[in-house]
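Below is one structure, written out as C-alpha cells; comments come after it.
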Amino acid sequence: RTLRIGGATTWTTGLIELANAAVITIDASGGLISRPSAAPEQIFGSGSGTAQVVNDGAIVKEGFNISGIAENVEYVGTGAVIVDQGEFFISAASPSPFDGSFVSNLGTLRFNGASRSFSPSASLGGAGLIAFGDAGPMPAINQVDACLSSPANVRVENAEVAFNCASPTALDYLNLAHPGSVVEGSSAITIIGQLEWNHGIIRGTAPGQTIEVAVGASASLAYLVNPAIGRFLNNRQFINHGLLFWVGENPLTLEAGAELRNESDGLLRVLLQQGLGTHLFWDSSVGARLLNLGSMEIDAAEPFSIEAPFDQAGTVTINGGAMTIRQGGADSGDYVIGTDARLDFQSASSIRNLSTSSSVSGPGKLIVSNSASVLIDNVPFAPGAVEIRNLGTLQIDAPAQVAIGDWFLAGGILNGNADLAASNTMVWAAGTLASTLPGTAAFTILPGADLQIIGLQPMRVGNGVSAPLGSLFNQFLDHRELRVQGTANWSGGDFFVPLNSTGRVVVEAGASFGLSSPDMPFFGCAGIPCVAEFIVDGTLQMFGSTADLQLTSPMLLGGDLFVDSGALGLPDLVQNAGVIRVGAGANLNLGTLTINGGSLQGSGIVGGDVTNLGGSIDPGLSPGYLSIIGDFVQGAGGTLEIQIAGLTPGVNADFLFVSGTATLDGTVNISDAGFTPTPPQIYEFLNSDTVIVGAFANANVAYPGYEVSYDPNNAILSPVAGPLTVNSIADPGTGTCDVTECTLREAIDQANSTPGPDIIQFAIPGGSCVGAGGACVIVPSTPLPQITDSLIIDGYSQPGAAPNTNLPSSGLGSNAVLQIEIDGNLTSA
C-alpha cells in the first residue's frame, strides 16, 4: 500500500513501519513534519519487497528528539530534507544518486548506514551540521558529486566522504572525528571557518589536490578516541593560510607524496600537554614533506618530532619543550629557541644545511645527535647552548668567532672553519673538536667560563691507550686548538690527535687547567705522524693519580705547573717563566726539563734530565727534599736556592738529590731560615749518586765563616778551613770541637769531615798538664778515629813546648817525633 502525502502532515509519535514493499510518497505540494514528542522515531521496512520513501516535496525535522529513515528503506525523489531542530538521519540507500535539497538549518542531518551518492544537481548546506556516518562498526561510503552551498558544516565519523564538485568545496566547518573518518574526492577543499581533525584520513585522487585553511580560518589537530590512533594525509596538499593548532599527541602521517604546507600568512602552533609528545611521520614517498613558509610555534613538554622531510623557509619559535627533526630538507628560515627549549636534529637522515637567510637564536639548546649532520654555513648562529652526541656532526663555518654560552660534546663531532668559544660552560664527555682548515682553528674557553673534560670511561687496553679508539668514548683534537682563558678540569677520558692532524692545548695567562682523573688519562697521537702540543702560560695543576701527555714537541711553560699528587708524564718540558712545583710523593716524569726562567720547587721527584740555564731550583716548600732521577746541569745563568733551618735534609733544610751526574755552574744561594750552624757543623745540601762535575761560580752564603766545599759526590756547607785547636785532655768529649771544649778525638773527627787539608794545634791550659815535666797527657778511652784526609798535628803549638831532643825521623826534615805510649792496659773498646 502507498501512503501519499499531498499536504502538510505532522508526525509526532510512533514508529512508521513500511511492511511488504509499502511506500510513502510525498508529493511536490506535500510535506512530512517530523516532531517526535518523546522517544526517537523512525520509518523502517519489514516483510518482503523493498520499502520506499519517495520525497518530491519536503521532510522537515523539528523538535529536540531524533527521527529518521532506517537502512532497510530506499530513499528517492527530488524533494527537500530540512532539519530545523534536533537530528534527522537517513540510513537508507537509493537505487540512484540522491537528488534534491538537503539542508540543516540548526540541528544535525546525518547520513549513515548504507552507502550512497549525491548527484551533481543535488544541493547540501545550511547553518546546521551535516554528518556522515556514526559510531557504528560499518562505515558508509558517500560520493558527493554535488557542490555544497554556503554555509556548509560537515562532520565525518565512521564513514568515507568523497567531495567531487568541479569547483572547490568551501566548508565553514569540517570535523573528522573517528579513526574511520575519510575525506577524499577530486574536489579541492577550502576551510573558511574551522577544521577539527581528530582522526582519520584526508585523501586526494591526484597530485596537487589541496585542502586549504583560508585566511582567518583555523584548524585543530586533536584526538577524541585514542592518542595512539593517528591521522593521515594522503596524496593531497594541506595548505594553511590561517591558524593551525596541533593539540593532540596522536601523530600525523604523510602518504603518497602528501605535503603539509604552512604558508607565509599562516601560523602552525603545536600545543601539547605536560608529558606528551607527538610525531609527523611519512611513508618514504617522493614529494611528501612539511613546508614552513610562515610561522611555527612549539609549546610542548615532550618533543614534537618531525620524521618527514622538512623544508623550513619561515620562522620556527620553540617556546617550550622540544622540536626534533629526523629527516633532511632545505633550511632558509629562522629558528628561535626559547628558555629551557630544545631544537634537536636527530638520526642519520637528518642532514641539514642552514645557509643564505637562515639563523639560529634564543636562549635554548640546539642538539645534534644520533648521526645527524648540520651545517651552519656563514649565517647568524647564537643559541644559548649546543649539545652534540651519539655521532652527531655540527659544522660551523663563519668568518668571526662564534661564542655560545654552554656546550656539551658526548660522542659527536664539532667541525668547521670558525673559531668557537664557550662563554659559560663546556662539558666534553667524548667526541671530536675538529676544523676544516688545514691549520688549527681555536675553541676558546673565555674568561669566567669553565671546561669539564669528563670522559665516558672506556675499556682500558694499557700503555695509556683506550679502546675503542672512537669519538663515542674518547676526546679527539683534529686540526683544532683548545684554548683556555677561564678554568678547565680534566677528570676522565683520553685525548687523541688523529693521523696526519694537529691538536694543541693552550692555557693562557690567568687561566687554569686541572688534571684530576682517577684513571691514567692520555694525550697524544692516535696514529703517527701527528702534532700533539701543550702550551701553558697560566696554571696547569695535577690532582689525580697519573696523566700521560705524549706530546710531539716539548711542553712550553710560561706559567705555573703544579704536580701536587700523582704522576705527570711528559716527553720534554721547556720552562720559560713561572713555577714548577712537585709535591711530596708526586712525580714529574719526563725526558728532559730545560729551565730558561722561572723556578722548580717542591719535595717530589723529577724523573728525567734537568738543565737549569736561567731559572732557579728551590727544593721543597721551605724547606724540602727534591729528587732528580737523571742528570742535572746548571748553567752559568742558573741558580740553586737552599734554605737552612736545621741540619736534617728535607725536614728543616733544603736538599737536592741527583741520581745521575751533577754538572755545576752558576749560582748557589744559601739562606738563613732560622738556624745558624757553628764549626765544625757542616751540611751536605746536594748529593749526586754518580759524581759532581764542576763547581758553582758564585756561592752566596748567609753564614760568616762558612763556605761551599765539594767532595766527589756532595756539595757541602762547611766552615772556612783553619786550624783546629785542642784545649782539653779529656776523651771523648761532648762531640763538638769548639772554643768551649775541643778534645783530640773531636778535632780528628772534624778534620775528617772537612774536605781538604787540616791542621790540629794545641792550647791545653797549664793546669791540665800534670804529666812528667809538665807534659799534657791525653789518654784515649777508645781507639782514636782513623785519619781519612790530609792532616798535620802540630804538637809544638802547645804553649811552653820545647824542641824534641830525640833523633829526627829519617827523611822527614824535622826534629819532631810523635810519641805514643802503650801502658799495657786494655781499653774498654
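In percent, how large is the relative contact order of the stretch 41-82, given Cα pairs closer than 8 Å and 6 or more residues apart? Write down the numbers at each step before the final one.
Numbers: 65 pairs, mean separation 22.8, N = 42.
Relative contact order of the stretch 41-82: 54 percent.
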Original post:
Once both labels are modelled 7 Å past Cα along the beta-carbon direction, what's the Thr788-Val739 spacing in nm?
Top reply: 2.9
Original post:
To the nearest 0.05, how large is the calculated FRET efficiency for Ser361 and Val215 if R₀ is 25 Å and r is the Cβ-Cβ distance?
Top reply: 0.30
**OP:** Quick one: net charge around Phe310, please, counting Lys, Arg +1 and Asp, Glu -1 for every other residue with C-beta under 12 Å from its C-beta.
**Re:** 0
Original post:
In the neighborhood of Thr611, defined by Cβ-to-Cβ distances under 15 Å, what is the net charge if each Lys or Arg adds +1 and each Asp or Glu adds -1?
Top reply: -4
**OP:** Please compute the net charge surrounding Ile787, taking Lys and Arg as +1 and Asp and Glu as -1 over other residues with Cβ under 15 Å from its Cβ.
**Re:** -4
Original post:
In which sequence would Tyr75, Tyr625 go, from the one with the fewest C-beta neighbours within 10 Å to the one with the most?
Top reply: Tyr625, Tyr75
**OP:** Taking amide H positions as placed in the peptide plane 1.01 Å from N, state which residues far from Leu791 in sequence (5 or more) or on other chains have amide H under 5 Å from it.
**Re:** Asp758
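Rounded to the nearest 0.05, what FRET efficiency do Ser371 and Ser119 give with R0 = 56 Å and r taken as the Cβ-Cβ distance? Could you check? List each step's numbers first, then the result.
On the way: r = 56 Å, r/R0 = 1.00.
Efficiency for this residue pair is about 0.50.
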Subject >> In Hz, Karplus ³J(HN,Hα) per residue of the stretch 368-382 (6.51, -1.76, 1.60; θ = phi - 60°; x = Gly, Pro) >> reply: 10, 8, 6, 6, 5, 9, 10, 10, 9, 9, 6, 10, x, 9, 8
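Taking 8 Å as the Cα distance limit and 6 or more residues as the minimum spacing, I'd like the relative contact order of the chain as a percentage.
On the way: 2865 pairs, mean separation 24.6, N = 829.
Once divided by the residue count of the chain, the mean separation gives 3 percent.
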**OP:** Kindly identify the stretch 94-155 as rounded, prolate or oblate by the Cα gyration tensor criterion: order the square roots of the eigenvalues as a ≥ b ≥ c, call it rounded if a/c is under 1.5, otherwise compare a/b with b/c, prolate if a/b is larger, else oblate.
**Re:** oblate
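When DSSP assigns beta bridges and you keep just the ones with both residues in the chain, what percent turn out antiparallel, to the nearest 5?
Working: 16 of 327 bridges.
Antiparallel bridges make up about 5 percent of those DSSP assigns within the chain.
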**OP:** Using θ = phi - 60° and the Karplus relation 6.51 cos²θ - 1.76 cosθ + 1.60, list the HN-Hα couplings for the stretch 288-302 in order, rounded to whole Hz, with x at every Gly or Pro.
**Re:** 5, 5, 9, 10, 10, 10, x, 10, 10, 10, 10, 10, 9, 5, 10
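Quick one: compute the contact order of the stretch 607-719, relative version, from alpha carbon pairs under 8 angstrom and 6+ residues apart, as a percent.
On the way: 319 pairs, mean separation 26.2, N = 113.
Computed value for the stretch 607-719: 23 percent relative contact order.
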**OP:** Note the angle between two axes, namely the Cα long axis of helix 744-753 and the longest principal axis of the Cα atoms of the chain, as a number of degrees from 0 to 90, rounded to the nearest 10.
**Re:** 50
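If you put +1 on each Lys and Arg Cβ and -1 on each Asp and Glu Cβ, how big is the dipole of the chain around its Cα centre, in Debye rounded to 20? Could the numbers behind the result be given before it?
Numbers: 24 positive and 71 negative charges, 588 e Å.
Dipole size: approximately 2820 debye.
Which of Arg326, Arg35, Arg4 comes first, and how do the rest follow, when ranked by fewest Cβ neighbours within 10 Å? Write out the running numbers ahead of the final one.
Values: Arg326 23, Arg35 19, Arg4 11.
Going from sparsest to densest Cβ surroundings: Arg4, Arg35, Arg326.
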Subject >> Cα→Cβ-extended label distance, 7 Å offset, between Phe675 and Ile528, nm >> reply: 4.8
Original post:
Out of these labelled values of Cα extents along the principal axes in Å, (i) 91, 81, 67; (ii) 130, 92, 59; (iii) 181, 51, 37, which was calculated from the coordinates shown here?
Top reply: (iii)
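What FRET efficiency do you get for Asn378 and Val286 if R0 is 35 Å and r is their Cβ-Cβ distance, rounded to the nearest 0.05?
0.70
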Subject >> Cβ crowding within 10 Å averaged over residues, with 776-785, 723-732, 359-368, 687-696 ranked highest first >> reply: 359-368, 723-732, 687-696, 776-785
Subject >> Under 15 Å from the Ala28 label point (7 Å along Cα→beta-carbon), backbone N, the stretch 1-21 >> reply: 6-7
**OP:** With a point put 7 Å past each Cα toward its Cβ, work out how far Ala403 is from Ser781 in nm, to one decimal.
**Re:** 8.0
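Subtracting the Cα-Cα distance from 0.36 nm times the residue separation, let me have the gained length for Ser753 to Ser622 in nm, one decimal.
Answer, rounded to one decimal: 44.5 nm.
Since every read-out is calculated from the coordinates, none of them should be taken as a lab result. Just so it is clear, the structure is predicted and the values come from calculations on it, not from any experiment. We place every Cβ from the backbone using ideal geometry, glycine too, and count neighbours over all the protein chains shown.
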